[in-house]
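J.: Here it is: the structure, laid out below.
The values are calculated or read from the model by the stated rules, or taken from the named source; none is laboratory data. Just so we're clear, the structure is a prediction, and the values are computed from it rather than from any experiment. No Cβ is skipped: glycine too gets one built from the backbone with ideal geometry, and neighbour counts run over all protein chains shown.
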Amino acid sequence: MAVYAVKLERSDVLQLPVHPDACTEETFQQWCAERVAGGARLAVDLFSGGGGLSLGLTNAGWTVAASVDHNKFALQTHRANFPGLALDVDLGDRQKRAALIKMLKLADIDLIAGGPPCQPFSRAGRSKIRSLVDAGVRDEFDERKELWQAYVDVVLKVKPRAVLMENVPDMALGDDFHVVRRIVDMLERAGYRTNLRLVDAWQYGVPQHRKRLILLARSDSAAFPWPEPVKPVTVHEAIADLPGLDLGTGGRDLPYAPDGQVSEFAARMRRHVTDGRVWDHMTRPVRDDDRKIFSLMTSKTLYANIDPALRRYKADTFDDKYKRLDWNELSRSITAHIAKDGYWYIHPSENRTLTVREAARIQTFPDDFRFAGTRSHAFQQIGNAVPPMLGEAAATALLPVPDSEIPARNEWRVLSRQLASWAERRRAGTYWSVLPGERLTPPVAAVVAMLDPSPAELAAYNDGLGEVATKGRITKRAVDLIERGATTRASAATVTRLRQLQDDRKIWLRAEDIPEILDLPPGKTALLKLLAGDDVLLTSQPVIRVSSRVLNTASERANSLTDGRVDLSRLVGGDAKAPLRMAALRLIGQLHCHKQAPLCERCPLARACATARDNQPSDRLF
């Protein structure tokens, strides 16, 4: 039997009453009609959790008519804090999703929001699958129940004016934004204009380091007027007014009597609390040995800096196992991990971890917002939530724009078609071996990746590459022809390696094995996959420079692997021609978009590019 160094202290289970203005499935249509008649804009929150995004929508002016989740306590939390209808629906179940869509179509839904899980696609075969979908041969929604597809299915069938999707950026970055680009493509094909942004939550009043990926879409305008960023809110401004607990663990209901004037942020959090009480200001008990460690820590102390005699974990594995917050800084990101232990969130001055209320404050839940279930259930709901103030900022960018008219053409789709057409024309000539197409087989892609020739060198290699394309492998004649064009030490070394491979038929049998057999580094492996038609994003400096200049952002100078990939994904798109456009952007970066003295007059993106307009005035494309 396990022996604990601290007495287990389980909290009570908080049961919350249903909101007095709730409705049922039977009264939903009438409930919605009455509110629309009163001037309300109705929203739906899918994958709603406890309601962080719902609260943001409410604060931005919407009425949340319906929410959907599949967690017992999150649903109870939502039902208590919001009017309307909170449904327990598995959106991956087609029949249940169809019933939900049928019900939502009875109401005038203005906005659908949510944070669907976006598990990355397997790279294997996804280009082929996408091509079959685009050709109408394969159903858009397969049986694997990807929940992002269920989310888009609801949107496309209910057809709200506006859409808000929020998710963790690491999920998108790890999959080259494939899922996100696919969603953007599907929405734009349905007539929506879209806005994709990687957002620092602190810029909108959330007192923590937290990046979120926000996708907005609307059918009534191409404008997305995000609110101006605000100054950072520190941990002190967020929670210093809450009662100190000394060595205690707090409780469900404590007196609230702050010393001195409270911050503007704290006043906002207390806005709807009329009595001198604070709820759910409770934390977990702390082991005596951990409390001693806490007492020796500052906000700069790493676990590796702790006396080895006091450690319970390996410092090389858990270098940030314990983290004390700093009164004068932002908090680290509050995540669902806080439901397991709070040692990433040690109070700035007391030797304990954060309370439920403190974590809720840092996520920007106001003090009158209660969470159903135990203390751990509350922490889980808080950690999984969209910070309400971030949700409010994003929703504000979707408010109806007075007297707006949707442009006759979607500028992104025009630009996308133009870029693909330019690439197709170039593919018919000298640049066929660097632009995905039928002739650019995996063996050709492998040789090009190994050589990595500049555009000026391609003509010298084309005969040899053509021989590889014709024979489907590297022959002696192909290597002889390639050797004629080799002028550098690196290209000569590649020729030597190709000599070792000539006439070896086995290595070309499985395209996916070629990078490992050739021992290609990651950059050249990515290039090989792209040239062979796989949907990957290349984040070389020339490519990021093109996207940054066209979109007039700062990603060329900073954050190229995060914001730069957001920019790049916008230009590459998510349809079957995405690999061709990616390769085209790479070629444009090499041919025209130089760091100094770019050749804007020759660039196919010039009329859509802010840098080109600054360098040489020309007629706008749109």
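J.: Run Pro402 past the list (1) outside the structural domain of Ala492 (by TED's automatic domain parsing); (2) within 29 Å of Val550 (Cβ to Cβ); (3) of a type outside the set (D, E, K, R) and report the number of the one that doesn't hold.
T.: Going through the list (1) outside the structural domain of Ala492 (by TED's automatic domain parsing); (2) within 29 Å of Val550 (Cβ to Cβ); (3) of a type outside the set (D, E, K, R), Pro402 breaks only (2).
J.: Out of the residues in region 194-243 that are closer than 30 Å to Arg413 by Cβ and in contact with a Phe, Trp or Tyr (Cβ under 6 Å, 6 or more places away or on another chain), which is surrounded by the fewest Cβ atoms within 10 Å (Cβ to Cβ)?
T.: Ser219
J.: Starting from region 308-328, take each residue that is surrounded by 13 or more Cβ atoms within 10 Å (Cβ to Cβ) and list its partners that are at pLDDT below 75 and not small (Gly, Ala, Ser), counting only C-beta distances under 7 angstrom and pairs at least six apart or across chains.
T.: Every condition considered, no pair remains.
J.: If you check Thr396, Thr475, Thr470, which single one turns out to be among the hydroxyl-bearing types (Ser, Thr, Tyr) and under 28 Å from Leu164 (Cα atoms)?
T.: Exactly one residue qualifies, and that residue is Thr396.
J.: Restricting the search to region 438-485, which residues are surrounded by 20 or more Cβ atoms within 10 Å (Cβ to Cβ) and either among the acidic types (Asp, Glu) or free of Cβ contacts under 8 Å to residues at least 12 places away in the same chain (or both)?
T.: Matches in region 438-485: Glu467 only.
J.: A further question follows. Of everything in region 35-48 that's in contact (Cβ under 8 Å) with a residue 60 or more places away in the chain and over 18 Å from the mean Cα position of the chain (by Cα), which residue is farthest from Ala372 (Cα to Cα)?
T.: Once the filter is applied, the top-ranked residue is Val36.
J.: Are there helices (runs of 4 or more DSSP H) fully within region 530-622 with at least 2 residues that are within 27 Å of the chain's Cα centre (by Cα) and crowded, with 17+ Cβ neighbours inside 10 Å? List them.
T.: 541-551, 563-572, 578-591
J.: Next question. Scan region 597-619 and tell me whether some residue there is outside the structural domain of Pro442 (by TED's automatic domain parsing), in contact with a His (Cβ under 9 Å, 6 or more places away or on another chain), farther than 30 Å from Leu498 by Cα and without any contact (Cβ under 8 Å) to a residue 12 or more places away in the chain.
T.: For region 597-619, residues outside the structural domain of Pro442 (by TED's automatic domain parsing), in contact with a His (Cβ under 9 Å, 6 or more places away or on another chain), farther than 30 Å from Leu498 by Cα and without any contact (Cβ under 8 Å) to a residue 12 or more places away in the chain: present.
J.: Quick one: Val206 ticks every box in (1) closer than 26 Å to Val356 by Cβ; (2) not in a loop (DSSP other than H, G, I, E, B) except a single one, so which number is it?
T.: (2)
J.: Among Trp344, Trp279, which is the only one that is modelled with pLDDT of 95 or more and of a type in the set (Phe, Trp, Tyr)?
T.: Unique residue meeting the criteria: Trp279.
J.: Quick one: in region 397-421, of everything that is of a type in the set (Ser, Thr, Tyr) and surrounded by fewer than 15 Cβ atoms within 10 Å (Cβ to Cβ), which residue is farthest from Arg197 (Cα to Cα)?
T.: The selected residue is Ser421.
J.: Somewhere in region 65-87, is a residue modelled with pLDDT of 95 or more, of a type in the set (Phe, Trp, Tyr) and more than 29 Å from Pro400 (Cβ to Cβ)?
T.: So far as region 65-87 goes, yes, one or more of its residues are modelled with pLDDT of 95 or more, of a type in the set (Phe, Trp, Tyr) and more than 29 Å from Pro400 (Cβ to Cβ).
J.: Turning to a different aspect of this structure: Being closer than 20 Å to Leu531 by Cβ and surrounded by fewer than 13 Cβ atoms within 10 Å (Cβ to Cβ) is the filter here, so list the residues in region 498-511 that pass it.
T.: Listed by number, the residues that qualify are Leu509, Arg510.
J.: Filter the helices (runs of 4 or more DSSP H) completely within region 400-514 down to those with at least 1 residues that are basic (Lys, Arg) and over 30 Å from Arg607 (Cβ atoms).
T.: Ranges flagged: 458-471, 476-485, 489-501.
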